[in-house]
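What follows is a single structure, written as structure tokens, with notes after it.
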């Protein structure tokens, strides 16, 4: 215990990119994520958002939890933990997964990278060491290592992201399909690039040994100088992910292991993630409960809403009638989408009312006067932002 | 000969609360207290000039906000201030610093065990869930499960419904939790012994159980189910010391024209025709009243201030068998400066928290083994707090007051009765341990008060010095408290009630026992209820 | 190709009871036992040439209902007569003898108190008794049957009458010590009566919550908590059960260890389809019924990949570490216990409750007490087949011997506790050492390796309030069914639990036949 700095225990950890972030964060807009000092925004949220949608931006994912799961039984262990069939994740491929309690309630979501026959990386938003260790119990040959602090990871997102990587000299990156992993020799180590991200747009995530992190940042920024590269923070990410209709813990779902009240957590079916639950694979935790849920149908369904007017439906209740006497759900995330020019939201709505009319009661403030409006909501089938370039291989350069 | 509607025996915080609610309902109430000060175990006393000693209870988290608000205690001078985390000391150099900030606390746990740092979320979630369920019952009178009266049946249904709402899985987990030991409960979450020891310490405070004894996980919960402003598990200090709580309630009582008479120990409860009709004081004065409320513990009430002949058959034996075991000691120290502890950064925020000298599970359990054998451990568990770091009223500027609570200290020693020499030797053991973690500590001592169960019993009348007025084990909890059949504050003699911690919900400065008893009395008198029914926090 | 209706894993007494009932119910049953002979902890073994003993040295009330349903008497089961008295040994030779309705060697007041105590406890035990032979309700789904069982339980307690019900609510969770302190003054009597609430468990006299339930559980058995040695010893019961099962058509294959329970985890979900033996043989069956302990069944035999994570964790955290060591002495004569006419009965070496408590204290830290407490008996006095003519076997349950000794179990450590136990007995039976011709000490770790019982725990997992009734072994597997369709439990790890009463096997078989 370091007692020379009397506040050492209170200080947040610093990302390997911190020397550059500190310079760029002219607004000193810091918050925290998993014990790391983390930018809420660097300069201006909307500016950063448009960089992501129009040019490219980098988002620090060092604080995101990363676990290395290795061993002969690693695949079986993961396959029993998550609802997707891990056996189907090919070498150097990534899959988005969720994992649940025995009762089929969602603990967290994350991505699984298959790095070898018997080696995986799992990433997720909040720590899950205890759950992983609990899951690994009883398997002969599997080790779980938290490698969060050993890796530097940076997400590069936006239409020019491909061009930047090409400029950086990553040969063959053009063949990377969505959810592909490519490996490049990098100053004696390996730079791993996955075509993944949290913006719904063209984008990549770069992973390298911690000691090369800053160097990678510099080389990436040098390559990106002509392509408008810019760091973006938590706030812009949240805008981009909502347009892509990606879910967030503590917004769309309450992590089951942190849920106090009975069934205040969610099932994958409620979150519209039924496609991630594979009943054809070998046994997985929560299978029986989820099968019940599937047959019965979820009580709530996470729904994408296009809402009348321009006032964001933050924390609004959803009603089945304009008089607001029959409450049928609540908004989990909402904003005005600058790219789509629409008032968008995600909302949890009682499944049995989904096909009827949907009304939101929105409260807002105008120069200290508080108003409320009841407005009509339209269900959307597709995410609000789905550019074709996100799926094209090779992708366009701008 | 004066006459009252109700006499409350004992001016502890529950007795005062009970009296305040009766007076608020318009009754003519008298509280009689044997000491020359009020407060019972919630006191502040100037034992050294310039210092206010909270010589018994020292921190507070169970005080029902509903009562605080209802009796308007802040207007009567009460301010409860939450204090920040606790520094836990291991057997050796290990320290577990409980930072107030969530991120910092997580990183600190991670330093000891990444697994446990993560598991802490689940632990806190589960404890919160368990707490919420119990908290719903605190300001309610337990039902009598042997009765068919509609009120009892309704209350049982309420409980069943509340319990049911946990969902199948949590019902099982709850029952499990309730009956197991603190150590086993913690094993479900943690692997690191330092973390387990720190988390287990609320499981032994005040009880004659060890961390490995089944039932100690409930004790753990009993200590963390309180809250300060809705944050469950937080502890607070009363500005001015714990006596401020008693004084504010007394002030509320007086505002409703209630009376308090000190130095008026009760010799005997007067019973005529199997009805309590008043009390006889130790000085021979007889005071009559329609109702008598004993705020003393159940054992003392029925074996000391009542005639066995006045009691129905079997009650005396029940009282004798009532488990009320002294297991705790207290060393209160006036300090000339702030002690520095090795391995702890000089962080002013941390200094405003407490210190837990828990060592390890084994050290704690071995201290319990000593207690069983009628001695105290050379390496006892100590929970300390330095309220003067927060509260300018309890020590002169620059000087400090430190409360040390020690588990375990036997009520009876194997080698004969307590003597002043043995008491001082016990105090020496405690400051020796503190000196080990804070070299130079002894030089700071200005004055020191050592209280073994013997002193606690003699001075404030808690039998054996048990801080809860009776063990908190299943056989003495809820409708079993103090005895099955008498869980609703009414005692076997008509017009006699109990309001102390011997009744549901048990020990702690919660004021709930006194308030619940008042509700029952008013119901019997067919008076409108003045007692808040439930906590108003939406959880 | 053989297709069995049921394969039963383990031929302990519960496995045999279950096998016999299923076979009588018309099923084609195969029992697989790893050991060379059936019986589990009740099987006899020769520990010294010519001397045999079984870990369970006496029987307290094998269920009369099971015995009747299986007509065990016609298969040679003779429960034996004259239950063994419980004799608390005193160094000052003031021994206390506890028999069914009376106690001797104590004051008149204690004698009277004992009769009252016994009557009241018997009443409580009777209120609980119906539930030991019932499948426990499940809390969640709330089927009518579950609700009825709940209502029945409530009613049965309510029927005790107001004051007994109140007393029951209080007493049920009392530590043994408090219960005794309230009733008696003789230290030896208190210790002796505490014993049956503690033995076999990780509890000491001061431990709240479960020991009175344990006493009541044992009192609700048909022997009323009193022990006897049946004809042929504990193995007499096993032999009768074996004959009964075989007569009903069950096939018992000894020397065949099960390596895995085969689970099909395909699209239609899980089903147990049979077993794979240690030799690699695959045997298919409609269902598999495991009499093995829950940890072994789920974690070793089924495999965690077929189970949910939370469930696995609950099985993992079951408390399965035994605390009873077993001492067997081969004696070439009847030892003389000072002040005792004949050493017939269960002799207790536990002079007072603190002696038990303090012996337990050491085990908390992984060591053996310097002064172990124990129950000993000479089964050869009742069953002469156990030893050569004129010779005898002394069998002792020694507490508290930790399954996981600090530093691990070595021959030296085993020898040390064995020696300490003999020295302790010698204080009550001077000269016994000269009679010893052979000896053996089995630690819980030995019981685990020799008898395949996790932690060497008598009851497969701790019999405690949080692991009993609808929580035994854990919710989700407490109704003999498990999360794996086609896999059932029937061992001591299920409700109602351990000891040799056969009810777990009996309840499981009924559940399966339904």
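No lab work stands behind these numbers, since they all come straight from the coordinates. Given the structure is predicted, the values throughout are model-derived calculations rather than measurements. Here Cβ is always computed from backbone atoms with ideal geometry, including for glycine, and neighbour counts include all displayed protein chains.
Could you work out the mean count of beta carbons from other protein chains within 10 Å of each residue's beta carbon in C:165-172?
6
How far is helix B:243-255 tilted off the main Cα axis of chain B, in degrees rounded to 10, range 0 to 90?
30 degrees
Please work out whether the protein assembly as shown counts as rounded, prolate or oblate from its C-alpha gyration tensor, where a ≥ b ≥ c are the square roots of the eigenvalues and a/c under 1.5 means rounded, while otherwise a/b larger than b/c means prolate and anything else oblate?
Taking the square roots of the gyration eigenvalues as a ≥ b ≥ c, the protein assembly as shown is oblate.
Counting only other chains, and only Cβ atoms inside 10 Å, what mean value do you get across the residues of B:179-191?
On the way: counts 10, 7, 7, 0, 1, 6, 1, 0, 2, 3, 1, 1, 2.
The mean count of partner-chain Cβ atoms within 10 Å per residue comes to 3.
Does the range B:206-291 classify as rounded, prolate or oblate by the C-alpha gyration tensor (a ≥ b ≥ c root eigenvalues; a/c under 1.5 gives rounded; else a/b over b/c gives prolate, otherwise oblate)?
oblate
Output the peptides B:163-171, C:360-368 sorted from most to least packed, where packing is the average of other Cβ atoms within 10 Å over each peptide's residues.
C:360-368, B:163-171
Is the shape of the range A:201-259 rounded, prolate or oblate, going by the alpha carbon gyration tensor and its root eigenvalues a ≥ b ≥ c, with a/c under 1.5 for rounded and a/b larger than b/c for prolate? It would help to have the intermediate numbers written out before the result.
Working: a/c = 3.30, a/b = 1.76, b/c = 1.88.
Note, shape of the range A:201-259 comes out oblate.
Nearest 500 deg cm²/dmol is fine: what mean residue ellipticity at 222 nm does chain C get from its DSSP H runs of n ≥ 4 alone, each adding -39,500 (n - 2.57), divided by its residue count? Working shown, then result.
Numbers: 15 runs with 171 residues, N = 514.
Mean residue ellipticity, 222 nm, calculated: -10000 deg cm²/dmol.
Please compute, for peptide A:279-286, the average count of beta-carbon atoms on other protein chains lying within 10 Å of each residue's beta-carbon. It would help to have the intermediate numbers written out before the result.
Values: counts 4, 3, 3, 8, 14, 4, 6, 3.
Average per residue, whole number: 6.
Packing-wise, with mean Cβ within 10 Å as the measure, how do B:31-41, B:236-246 rank, highest first?
Details: B:31-41: 22.6, B:236-246: 25.7.
The most tightly packed comes first, giving B:236-246, B:31-41.
Sort A:185-191, C:291-297 for me by packing, meaning the mean count of neighbouring Cβ atoms within 10 Å per residue, highest on top.
Averaged packing, sorted descending, gives the order C:291-297, A:185-191.
In a GNM of chain A with a 10 Å cut-off on Cα contacts, which of A:388, A:223, A:347 has the highest mean-square fluctuation?
A:388
What whole number of Å gives the distance from the Cα centroid of the range C:308-357 to the Cα centroid of the range A:326-344?
68 Å
What's the angle, to the nearest 10 degrees (0 to 90), between helix C:144-158's Cα axis and the longest principal axis of chain C?
The angle comes out near 20 degrees.
Would you mind calculating the relative contact order of chain C from Cα pairs under 8 angstrom and at least 6 residues apart, reporting the percent as a whole number?
24 percent
Considering only chain C, what is the antiparallel percent among its DSSP beta bridges, to the nearest 5?
Expressed as a percentage, antiparallel bridges in chain C total about 70.
Quick one: among A:374, A:94, A:340, which has the greatest mean-square fluctuation in a GNM of chain A with alpha-carbon springs under 10 angstrom?
The residue that fluctuates most here is A:340.
Please give the calculated 222 nm ellipticity per residue for chain A, where each DSSP H segment of at least 4 residues contributes -39500 (n - 2.57) and the sum is spread over every residue; nearest 500 deg cm²/dmol?
-5000 deg cm²/dmol
Go ahead and estimate [θ] at 222 nm for chain B from helices alone: -39,500 (n - 2.57) per DSSP H run with n ≥ 4, summed, over the residue count, rounded to 500.
Value at 222 nm, helices only: -10500 deg cm²/dmol.
Compute a Gaussian network model of chain A, connecting alpha carbons closer than 10 Å, and tell me which residue from A:381, A:166, A:281 fluctuates the most.
A:381
Report, to the nearest 10°, how far helix C:162-171 tilts away from the longest principal axis of the Cα atoms in chain C, using its own Cα long axis and a range of 0 to 90°.
Orientation of helix C:162-171: about 90 degrees from the principal axis.
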